[in-house]
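Single-structure report; data block below.
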Amino acid sequence: MIARIIKHKKSIVIIFMILTILSTVAQFAVSVNYNMVDYLPKDSPSMNAMNLMEEEFDEPVENARVMIQDVSITEALTYKEELEAIEGISGVMWLDDVVDLKVPLEMGDSDTIESYYQDKAALFSLNIAEGYEVEVTDEIYDLIGEENAVAGEAVNTATSQKMAGSESMYAGALLVPIIILILVLSTNSWMEPVFFLTAIGVSVLINLGTNIFIGEVSFVTQSVAPILQLAVSLDYAIFLLHSFSDYRKEVSDPKEAMQLAMKRSFPAIVASASTTFFGFTALTFMDFGIGADLGLNLLKGILLSFISVMVFLPALTLMFYHWIDRTQHRSFVPDFKNIGKHVMKFRIPSLILVLLIIVPAFLAQSNTSFIYGTGEHPENTRAGQDVTAIQEAFGKNMPMVLLVPEGDRAKEEELVQDLESLPQVSSVLSYVNMVSPAIPPGYLDESMTESFYSDDYARITLYTETDAEGEESFSLIEKVQETADSYYEETHLLGESVTLYDMKNIVQKDNKLVNWLTIITVTAVLLITFRSISIPLVLLLTIQASVWVNLSFPYFMDTPLVYVGYLLISTIQLAATVDYAILFTENYNHLRKEMPALQAIKKTIDDKIFAIFVSASILSSVGFILWITSSNPIVSSIGLLLGRGALLAFIMVVFVLPALLVALDWVIEKTTWKPNFYKGK
């Protein structure tokens, strides 16, 4: 196989270039989904309720609110007509839908009126159709101007969609120069970084293009997967080309040097790719679809990066290796000789420190407060300022829709009265309190009843004074559900906060499954790689400790963490950074056959600290740049956790792993198959 790759190098390079061009074009045909609701399981309660309401009622649930300031009743009605005329908007609701404007406002219910109109400010509720969020939001902005406000779930989707493309470009523009700088410092040729980035860049572009067979990806995948693929698989290219450089010094024929390099680096690349591959496989088992969507893309990415490094990179290098020769430069990095001796002076303090912090870190990360949606937009954005303006004028107003069997007007009236008495419920709209339980719906025009009744269901809309999510919001959902269930055997509840409540329950179950699958699969790879029972435990403890410390930061800083970020990073950090521990331990095992444990560990630190630092600094740079550039709270939180996690994993592998390997040397020897450790002193 290796001989064929070398023989057909020109054909291979041409084929990969053609695939890359086709994939670059194809990626523009892949649609990006910004609606997290679509990734809930189809059988979740809120999805069932949403599907049922779409079947039974024409009028959708509101997902946006528009506030117009300094307007009269007549002017507000004109604005309402203009909003209704915008394509993609349906069901604009205002004061005229709940009270008779021919009657003086002073005679109406003040709470109801002030929900829609107060201090010459009008608040409209409306629905923006899925897929129209960006266009409709832009038209609303043009209509209402800078001094007025629009907010809601649809506006959040539009804002995320508009920012995603420009932010990805910005992140890439920052990241590529940083990676090139790191690679230039770590190599002896100006061209080697170009070869690394070309090999992985080709696999990233092919991965993006093959998404055309899936048809659609989530906004999290679109923002995170390409950069993450680049960061975690760049090591494969570095392993191969460094081996090639080493063999060039021993043999004169570049083809022979490449053959030897491919054979030598193959086991390390396979082990590194396997832990990452199987770690990401765990994400595909999530019920919450964003995890499965990202997991599938990362799996494809790792596989394509592996193929690119083992097939395309050797062919490309042999065609243009003279460029590497012509662009040699002196090493910019000082010799790390004897650094192992200094690091090992800290082995006992390192172990004591880890023993002191590991339990508090584990407990802290288990008690972090979470956000399950996309969180709030920053105050310096139009979306964030509009939310604040509406809440200051009208307070919080989160809608929920309850569907119950139609028919028993007396029971429905009792239920509505009970719902109105619940804390945080500001108002309830239903037929029995907006029209009259005494008037049969059949006696009235359909236009007056269609928003309240279908053939089989009654629709009750609640407006609550809670945020979209949080303990208060979720507690109210449980109370509403409990109240409705006390009257009817069949009830259905939906709305943004209900969706987030479902999301919370689903992703918390996913967390246990994904974590266990990651640990089991990575352990299996480590068992096969090292043929040892104790080494996988030592490596997993080292990396898992860095994960717990990383995830404990939000608890100690008293900041909520986006749960999707928490769920993904606990898998990604383990899968991506366990490679450092593998590289380190493989080298130590090799040296341990020739020398005592302490001497072997010192030499391993000298030999490998820079290689691990290069890998960790690239992954960390990727994370911190995602954090800095993304306005989307999910992408931003994944970035911060990834950046901090890579640095913590580097510190643990350099300071704690050597201490554990030396302290447990006799255990490792007893529990490893044919260790052949050096017996001298």
Residue satisfying all of: in segment 414-432; surrounded by fewer than 17 Cβ atoms within 10 Å (Cβ to Cβ), part of a helix (DSSP H, G or I) and without any contact (Cβ under 8 Å) to a residue 60 or more places away in the chain; farthest from the chain's Cα centre (by Cα) among these: 417
Within segment 589-602, restricting attention to residues that are surrounded by fewer than 24 Cβ atoms within 10 Å (Cβ to Cβ), in a helix (DSSP H, G or I) and not basic (Lys, Arg), which residue is modelled with the lowest pLDDT? 590
Filtering segment 67-96 for residues that are of a type in the set (A, V, I, L, M, F, W, C), within 16 Å of residue 132 (Cα to Cα) and either in the same structural domain as residue 392 (by TED's automatic domain parsing) or touching a residue at least 24 places away in the same chain (Cβ under 8 Å) (or both) leaves a count of 4
Within segment 450-469, which residues are touching a helix residue (DSSP H, G or I) at 6+ places or on another chain (Cβ under 8 Å) and among the acidic types (Asp, Glu)? 455, 456, 467, 469
Only residues that are closer than 30 Å to residue 130 by Cβ and in a helix (DSSP H, G or I): list them for segment 7-31, please. 23, 24, 25, 26, 27, 28, 29
Just one listed residue, out of 181, 230, 241, 205, is closer than 21 Å to residue 610 by Cα and under 25 Å from the mean Cα position of the chain (by Cα), and it is 230
Report yes if some residue within segment 148-169 is part of a helix (DSSP H, G or I), of a type in the set (Gly, Ala, Ser), within 38 Å of the chain's Cα centre (by Cα) and exposed (fewer than 15 other Cβ atoms within 10 Å of the Cβ); otherwise report no. yes
Report those helices (runs of 4 or more DSSP H) wholly inside segment 212-320 carrying at least 3 residues which are touching a residue at least 24 places away in the same chain (Cβ under 8 Å) and either acidic (Asp, Glu) or farther than 30 Å from residue 523 by Cβ (or both). 219-248, 254-281
Report yes if some residue within segment 560-579 is surrounded by fewer than 19 Cβ atoms within 10 Å (Cβ to Cβ) and either under 22 Å from residue 672 (Cβ atoms) or in contact (Cβ under 8 Å) with a residue 60 or more places away in the chain (or both); otherwise report no. yes
Among 605, 569, 535, 528, the single one that is under 17 Å from residue 644 (Cβ atoms) and either modelled with pLDDT of 90 or more or not in a strand (DSSP E or B) (or both) is 569
Please verify whether residue 55 is assigned to a helix (DSSP H, G or I), free of Cβ contacts under 8 Å to residues at least 24 places away in the same chain and over 25 Å from residue 118 (Cβ atoms), treating the condition exactly as stated. yes
Cβ pairs under 7 Å, 6+ apart, first in segment 189-206 and touching a residue at least 12 places away in the same chain (Cβ under 8 Å) and over 19 Å from residue 310 (Cβ atoms), second of a type outside the set (Val, Ile, Thr) and assigned to a helix (DSSP H, G or I): 191/323; 193/183
Hey, can you tell me all the residues within segment 487-522 that are touching a residue at least 40 places away in the same chain (Cβ under 8 Å), within 27 Å of residue 295 (Cβ to Cβ) and among the aliphatic types (A, V, I, L, M)? 498, 500, 503, 506, 507, 513, 514, 517, 519, 522
Kindly indicate the residue of segment 433-452 that is among the charged types (D, E, K, R) and more than 19 Å from residue 95 (Cα to Cα) and also surrounded by the fewest Cβ atoms within 10 Å (Cβ to Cβ) among those meeting that condition. 445
Conditions (1) assigned by TED's automatic domain parsing to the domain that holds residue 199; (2) of a type in the set (Phe, Trp, Tyr); (3) touching a strand residue (DSSP E or B) at 6+ places or on another chain (Cβ under 7 Å): number failed by residue 394: (1)
Considering every residue within segment 442-453, establish whether at least one is in contact with a Phe, Trp or Tyr (Cβ under 6 Å, 6 or more places away or on another chain) and outside the structural domain of residue 111 (by TED's automatic domain parsing). yes
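The values are calculated or read from the model by the stated rules, or taken from the named source; none is laboratory data. Because the structure is a prediction, the values reported are computed rather than measured. In this analysis, Cβ positions are derived from the backbone assuming ideal geometry, glycine residues included, and neighbour counts consider all displayed protein chains.
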